[in-house]
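A quick write-up on the structure given underneath.
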Amino acid sequence: MNDLLMKISNIGIVPIVTLDKPQQAAPLAKAIYAGGIECAEITFRTGAAEESIKVISKEIPEMLIGAGTVLTVEQVDKAIAAGAKFIVTPGLNPKIVKYCFDKGVIIIPGCATPSDIETAVELGLEVVKFFPAEAAGGIGMIKAMSAPYAAIKFMPTGGIDIKNLNTYLSFSKVIACGGSWMVNKDLIASGNYEIITKLSKEALFAMLGFEVHHVGINMPDVVSAVKTANKFENLFGFVKQERSNSFFAGPNVEVMKKQLFGKNGHIAVCTNNVTRAMYYLHKAGVVFNDETASYDETGNLRAIYLKEEIGNFSVHLIQRK
């Protein structure tokens, strides 16, 4: 996949923004970025789009900005000149797609039917926007259409919010979701940027879905591990199950047969997408122990340890099943 599309996939959420005034652009972008999301699509639904893209590109260059609702090649030129890094269209217009290809610009056109997908495949596209997502059949329609078109991935937009976000993102053919619930026009018009930051952060953590899966306790030997696991079973009814390196007392307590990762043990944190979680944690300064990475049978990252211990416990991410 193209590097820019891969970055959009790592980000996972693309806020779709409609601005009435270019003066709203910088504070809005800063609010989204403060919430942890470093991407936005500025729609050409108003005359403020071009200048807004220019302002954000200049003042917040770390934001990945795209232009949405692009309907003409003239708007493509304006968007790219203003600093947009990708183009999003509501429908599939071969003329605009070819124009973007000739300019070396990433375009994500809207598709809603198998005929649209066939045209996208013929044009050589990697990712299409599924729009309007909920009205056009939702995740069920995406799964149905993706079956015969294995090479195409989707960025659904339309009717997506924090409640159904992960319904889409949990499907491997969905690289990201577009949504406007955290940047609705009322919030922007009122200048309520603190709420936009709060909603962006909520969306981010809802997408990542961090949750403690189990705690591992290091013991010096097998005998000590058995005694500890038995104690949890006898006191709390956490049924003991033996594994190669440990005993599980119920699903959430792991007792190691010897000293392994961490001074005291480890904490396993599950997430909806290990690769995406690593992307966000890396931005926060986290360093990972690449030697501990493990993969599933399809080559997707399944688990990895952080290098730094927290409270004398090693921490590792695991993929939620």
| field | In segment 57-77, the residues that are in contact with a Ser or Thr (Cβ under 9 Å, 6 or more places away or on another chain) and either among the charged types (D, E, K, R) or within 23 Å of ILE32 (Cβ to Cβ) (or both) | value | MET63, ILE65, ALA67, GLY68, THR69, VAL70, GLN75
| query | Out of (1) of a type in the set (A, V, I, L, M, F, W, C); (2) without any contact (Cβ under 8 Å) to a residue 24 or more places away in the chain; (3) not in a loop (DSSP other than H, G, I, E, B), what's the single condition that is false for LEU317? | reply | (2)
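Okay, residues lined up against (1) of a type outside the set (Lys, Arg); (2) in contact with a Lys or Arg (Cβ under 9 Å, 6 or more places away or on another chain); (3) buried (at least 18 other Cβ atoms within 10 Å of the Cβ); (4) not assigned by TED's automatic domain parsing to the domain that holds GLU38:
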| position | (1), (2), (3), (4) |
| --- | --- |
| SER224 | yes, yes, no, yes |
| ASN230 | yes, yes, no, yes |
| GLY237 | yes, no, no, yes |
| ALA249 | yes, yes, yes, yes |
| VAL253 | yes, no, yes, yes |
| ALA293 | yes, yes, no, yes |
| said: Against the definition (touching a residue at least 12 places away in the same chain (Cβ under 8 Å), closer than 24 Å to ALA203 by Cβ and charged (D, E, K, R)), how does GLU38 come out, yes or no? | reply: yes
| note | When segment 133-168 is checked residue by residue, the ones that are modelled with pLDDT under 95, part of a loop (DSSP other than H, G, I, E, B) and surrounded by 15 or more Cβ atoms within 10 Å (Cβ to Cβ) are TYR149
| said: So if I check each of VAL269, VAL286, which one is part of a loop (DSSP other than H, G, I, E, B) and closer than 26 Å to ASN166 by Cα? | reply: VAL286
| How many of the residues making up segment 137-181 are among the charged types (D, E, K, R) and within 15 Å of ILE16 (Cβ to Cβ)? | 1
| said: Could you list, ordered by first residue, the pairs with Cβ atoms under 7 Å in which the first is in segment 286-314 and in contact (Cβ under 8 Å) with a residue 40 or more places away in the chain and the second is assigned to a strand (DSSP E or B) and acidic (Asp, Glu), at least 6 apart or interchain? | reply: none
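The values are calculated or read from the model by the stated rules, or taken from the named source; none is laboratory data. A quick note: this is a predicted structure, and the numbers were derived from the prediction, not measured. Note that each Cβ is placed from the backbone with ideal geometry, even for glycine, and that neighbours are counted across all protein chains shown.
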